[in-house]
Amino acid sequence: MAKTKTTEGAIRQKNKSLIFNAAKEEFVTFGFKGASIKRIAERAKIPRANIHYYFQDKTDLYQQLLSNIIEVWNRDYDTLNAEQDPKQALSAYIRAKVMHSKCDPNSSRIFASELIHGAPVLSEYLNSDFQIWLKNKVDVINTWISKGLIDKVNPHHLLFLIWSSTQHYADFNVQVLAGLNKDVMSDDDFEAVVASLTQIILKGCGIT
């Protein structure tokens with residue numbers, strides 16, 4: 001029986017997800033230049049030819065991986081809405097970002113590495129779609145300010161603070177573990193991060 005388009009789409013999505021997960025480990029371990037398609041295939045436990053079926057080369061895989069990371073973030077961690085109560089919205093956003101650092105740290109590390117190296121792949125995105133997305137979130141925060149729901153804070157720096165403080169637990173996890181004198185962070189540790197950052201950031205916004 002011939003495969004339906006729905007079945008083919010599901011298989012394609014499953015295989016690309018498998019490759020993306022393997023590629024994250026490879027790029028985090030060896031960087032873009034040192035990464036190997038051969039090792040990515042070995043990590044994914046699939047033939048190398050399967051990777052070339054979906055991606056032209058390592059550069060194409062890296063570019064699509066970054067696009068996928070951003071797509072997931074915009075879908076799953078985009079909780080700021082002007083109609084929401086700012087306390088609930090910011091609390092949910094902080095929690096989502098911390099839990100992302102817990103559950104998918106490699107995505108954050110790859111994104112951070114891309115930016116540290118001057119964003120050669122993401123420069124167009126940063127100067128187009130990202131700025132539109134950011135303006136929308138700045139407008140949300142300014143709406144809260146105009147309604148007297150939060151103190152008059154700089155919306156850009158509030159967002160930068162949330163991103164840096166939450167992603168720190170992925171990007172600089174080695175330093176965090178050394179500071180906490182632990183081999184690994186537990187679920188309770190991450191809940192403590194959520195509680196601490198939420199308290200500090202909400203209080204800084206004048207939210208009780």
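Below, the figures for the structure above:
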read-out: Qualifying residue in the range 75-86 (condition: touching a Cys at 6+ places or on another chain (Cβ under 9 Å) and either assigned by TED's automatic domain parsing to the domain that holds Lys147 or surrounded by 16 or more Cβ atoms within 10 Å (Cβ to Cβ) (or both)); value: yes
read-out: Tally, over the range 105-159, of residues that are assigned to a helix (DSSP H, G or I) and either in contact (Cβ under 8 Å) with a residue 60 or more places away in the chain or of a type outside the set (D, E, K, R) (or both); value: 33
read-out: Flag if Ile150 is closer than 23 Å to Gln88 by Cβ, surrounded by 11 or more Cβ atoms within 10 Å (Cβ to Cβ), of a type in the set (A, V, I, L, M, F, W, C) and touching a Gly at 6+ places or on another chain (Cβ under 7 Å); value: yes
read-out: Ile70 being surrounded by 12 or more Cβ atoms within 10 Å (Cβ to Cβ), outside the structural domain of Arg109 (by TED's automatic domain parsing) and within 30 Å of Asn142 (Cα to Cα); value: yes
read-out: In the range 172-190, residue nearest to Asn142 (Cα to Cα) [restricted to those that are part of a helix (DSSP H, G or I) and in contact with a Lys or Arg (Cβ under 9 Å, 6 or more places away or on another chain)]; value: Phe190
read-out: Cβ pairs under 8 Å, 6+ apart, first in the range 40-59 and part of a loop (DSSP other than H, G, I, E, B), second not charged (D, E, K, R); value: Ile46/Asn15; Ile46/Leu18; Ile46/Ile19; Pro47/Ala41; Phe55/Ile19; Phe55/Leu61; Phe55/Gln64; Asp57/Ile37
read-out: Count - residues of the range 179-202 that are surrounded by 11 or more Cβ atoms within 10 Å (Cβ to Cβ) and either of a type outside the set (S, T, N, Q) or in contact with a strand residue (DSSP E or B) (Cβ under 6 Å, 6 or more places away or on another chain) (or both); value: 14
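The values are calculated or read from the model by the stated rules, or taken from the named source; none is laboratory data. Remember, predicted model here, so these are calculated numbers, not experimental data. Cβ coordinates were reconstructed from backbone atoms using ideal geometry, including for glycine residues, and neighbour counts include every protein chain displayed.
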